[in-house]
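These notes concern the structure reproduced below.
Please treat every number below as a calculation from the coordinates, not as lab data. Since the model is a prediction, treat every value here as computed from it, not as a measurement. With ideal geometry, Cβ positions are generated from the backbone for all residues, glycine too; neighbour counts draw on all protein chains shown.
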Amino acid sequence: MPTYRYRARDAQGRAVSGSLEGLSGDAVARQLGSAGMVPIDIVEATPARALGAAWLEQWGVGRPGRVDMILFTRQMYALARAGVPITQALRRLSTTSRNPQLGRTLGAVMVELEAGRDMATALSRHPKTFGPLFAAIVRVGEESGRIDEAFLRLNQHLEREQKVVEQVKTAVRYPIIVLAFVAVAIFMVMTLVIPEFAKLYGAFDVQLPLPTRIIIGTSNFFAAWWWLVLGVAVGSAWWLRRYVQSEAGRLRWHGLLLKLPIIGSIVLRATLARFARAFAMATRSGVPVLQALTVVALAVENDVLARQLLGMRGAIERGESLTRAAATQACFTPLVLQMLSVGEETGRIDEMLVEVADFYEREVDYDVRNLNDLLQPVLTVLVAGVVFLLALGVLLPMWDLVNLARR
């Protein structure tokens, strides 16, 4: 579907501009008119611009983030609650969205709704923006006539996930900044400071200690081949990104995250909390258990747990209970298994899983807030070790020079 750039006036006479996807310029003009705007100019995007936009979208540049989706679900809940038709609500949001890519996607969804498709199907055609869990909850909301509740539950789910993400970012921001400054300092010392000491020591006919020779050799390599080091670093980062995006690389990376000391335990509990919250929301919304396992497996954002959830689905299809199917998977803790068992016995699986999610989210919140206290000693030892090695390599020859001068 082509993309059109437009300039228009809103109801207050203010100039607005943006881009929309549409079957034709007339279709875009109708979208703008339905949103209460008067089109001034509508031009189809040039192929080069469209190619550039597609390339940027492929790399995830401009892709709607969790904050954008929180705002969208909150607005959709408010509009649906007020009785605004879905197509009209999408028209308004597509032209007022602060994320251009989300605005274009909503415009495409609106066109598909006008063509006769249901909203869940239209959303599922844009999996990079609306995941399978999102589409499944919306489908249940459409079938039950409670689309406003569906968007409310999605909004609450996204807000809880955003809270955990922000906590993790806050905890790791300090260590990342410290390590970055240490790396920059080492690079500056190797390229600017050590060569000057090398010239000083080269003026004396003395055998330099092994640590000093290693440091000077490394410094000479950095000074002569810094462009190669930079290129290898950038190339390695690009390759690692591409590898992690592949199925095998993503599975290995997610497995490594779960095995990391300190961090692995937090990641596991956060992932289990996300599973419990998402599965409870899906089953409470009326999604069948087998379908809920499938969509939650795609929503937990950890391929190791996702594979085990799909393994649970296979066990349930063979006649196993939910608890017994979960017990055969290694990732589920005794707490999860116990709550699943109680939920099956009482018919309140969703309530038990909400309790699990609340418990693990509180634990993750506590551990993340104390993560800096755990990492600071490690960082201190690391920085001290680097400084000690550099100082040892620089100062050892000075002692030899002092002894030589005394003779």
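Taking 12 Å as the straight-line reach from the Cα of Lys128, the aspartates and glutamates in range (excluding those fewer than 8 positions away in the same chain) are Glu57. For region 63-159, averaging the sequence separation of C-alpha pairs within contact (under 8 Å, six or more residues apart) and dividing by the residue count gives a relative contact order of 34 percent. Report, in degrees rounded to the nearest 10, the 0 to 90 angle that the Cα long axis of helix 334-346 makes with the longest principal axis of the chain. The answer is roughly 10 degrees.
Mind checking the angle between helix 25-34 and the chain's longest principal axis? C-alpha axes, 0 to 90 degrees, to the nearest 10. Computed tilt is about 80 degrees. Just one of [x] 73, 50, 44; [y] 63, 45, 39; [z] 96, 64, 35 is Cα extents along the principal axes in Å as worked out from the coordinates here. Which one is it? The listed entry that was calculated here is [z]. The simple spin-label model puts a point 7 Å past each Cα toward its Cβ; for Leu210 and Ser236 those points are separated by 2.4 nm. With R₀ set to 45 Å, the beta-carbon distance separating Val229 from Arg348 gives a calculated FRET efficiency near 0.15.
Computed on the chain, with alpha-carbon pairs under 8 angstrom and 6+ residues apart, the relative contact order is 14 percent.
Based on Cα contacts under 8 Å between residues 6+ apart, region 120-253 shows a relative contact order of 13 percent.
Angle between the Cα long axis of helix 132-144 and the longest principal axis of the chain, 0 to 90 degrees, nearest 10? Roughly 20 degrees, rounded to the nearest 10. Sorting the segments 86-94, 99-107, 229-237 by their residues' average number of neighbouring beta-carbon atoms within 10 angstrom, most packed first, yields 99-107, 86-94, 229-237. Taking the charge dipole of region 79-166 about its Cα centre, with +1 at Lys and Arg Cβ atoms and -1 at Asp and Glu Cβ atoms, the residue from Ala80, Leu133, Val165 reaching farthest to the positive side is Val165.
Just report the Cα centroid separation between region 126-183 and region 319-343, whole Å. Region 126-183 and region 319-343 have Cα centres separated by 25 Å.
Residues considered: Ala150, Ala280, Ala11. Largest GNM mean-square fluctuation over the chain, using C-alpha springs under 10 Å, is found at Ala11.
Each of Val16, Ile70, Phe279 was placed along the dipole of the chain (beta-carbon charges, centred on the mean Cα), and the one lying farthest toward the positive end is Val16.
Taking the average, over residues, of other Cβ atoms within 10 Å as the packing measure, peptides 302-312, 194-204, 378-388 rank 302-312, 194-204, 378-388 from highest down.
Compared with the alpha-carbon gap, the fully stretched path from Leu251 to Arg173 is longer by 25.6 nm at 0.36 nm per residue.
Only the Cβ atoms of Lys and Arg (+1) and of Asp and Glu (-1) were treated as charged; on that basis the dipole of the chain about its Cα centre amounts to roughly 760 debye.
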